[in-house]
Amino acid sequence: MQKKNILKGILFVGLGASIYGMLATFVKLAYKDGFTTSEVTSAQFIIGITGLLILNFIQTITSKKKLVSPTNREFRMLLLAGTSLGCTSLFYYIAVQYINVSIAIVLLMQSVWFSVVLESIIKRKIPELKKIIATVIVLIGTVLATNLIKTDIQLDWHGLFWGLLAAASFTATMFTSNTIATNLPVLRKSIIMLSGGFIIIMLFLIFAQIGPLHSPALKDLYLNFTSNTEHIRPFNISIFWKYGLILALFGTIIPPIFFNLGFPNTGLGVGSIVSSLELPVSVTMAFVLLHEQVILSQWIGIVLILSAIVLMNLPGKKTEVLA
């Protein structure tokens, strides 16, 4: 591989990770303007799917060769795999309702060691020593980055729960993205997976906002999960022009395209290291735009997590990388 291709790959992956890292800050701003999780996710996925359909159409009519189409089995598998994509966005956005963005992104990055556990289960063997060490470093970094060492800190358990659930879902997304229908064009694969995620988002919209508004039974069921009655109101369509476009671009269109353009040039190991830029970018955006407090010990924790990602992807005797 030529050096210029590696640098090109690093640029694409770095840009994709940085853009995705900005996403949660805009979600938090949307919440401050009174929008709900179901409105935010619906706008993001609807506009995202529309944008990818347009890009797919352009690619199809301009391509000089016939593009590969998925088999029926691949289509079903990608659609199912895409549900984890929808769950990741949904769980992550619910988490930032309860906790700071700077803490939510740290919880999402637990996917680093979740992936080690998943890999160990699938391969039925104990992880390499460097991965075990990296996992310990991630856990220590998480304690510092979430400021748990401060005795009087109060972290809402709802946020911790949904943040860790987002990490688990993200782990599943990474695994399926790298193993299912890898021969398909990037845009075609993305639109199918996004459609699977869209199904989850629509089900949540019905459960959390549309259903409770029209059905007393669904309202009672919803209120068993949350005491937030503000969500039980008509859908506010202004989310589409106020935040929808930027959420779709930063969450469902640009990052996947950049990642798929960059990873083939960087390789999965280097690409994973570069993609961890998402963590400091997200924390910095929250610090600058949301004025969230980030103390020195939290930055030390973030550096430890980034160091663990580098360690985990260092070449060993075998060319084996993680997420």
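The figures follow:
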{"quantity": "In the stretch 15-40, the residues that are open to solvent by less than 10 Å² (accessible area, probe 1.4 Å) and either in a helix (DSSP H, G or I) or touching a strand residue (DSSP E or B) at 6+ places or on another chain (Cβ under 9 Å) (or both)", "calculated": "GLY16, ALA17, GLY21, LEU23, ALA24, THR25, VAL27, ALA30, THR37, SER38, GLU39, VAL40"}
{"quantity": "Any chance LEU184 is of a type in the set (A, V, I, L, M), more than 27 Å from ALA308 (Cα to Cα), outside any helix (DSSP H, G or I) and open to solvent by less than 60 Å² (accessible area, probe 1.4 Å)", "calculated": "yes"}
{"quantity": "Unique match (being surrounded by 17 or more Cβ atoms within 10 Å (Cβ to Cβ), at pLDDT below 90, among the hydrophobic types (A, V, I, L, M, F, W, C) and out of contact with any Pro (no Cβ under 6 Å at 6 or more places or on another chain)) among ALA95, ALA43, ALA104", "calculated": "ALA104"}
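The values are calculated or read from the model by the stated rules, or taken from the named source; none is laboratory data. It should be emphasised that the depicted structure is a prediction, and the values quoted were computed from it without experimental measurement. As a convention, Cβ positions derive from the backbone with ideal geometry for all residues, glycine included, and neighbour counts pool all protein chains shown. The protein model used for the area step is the full one, side chains on, heavy atoms only, and it has no ligands, DNA or RNA in it. Shrake-Rupley method; radii C 1.70, N 1.55, O 1.52, S 1.80 Å.
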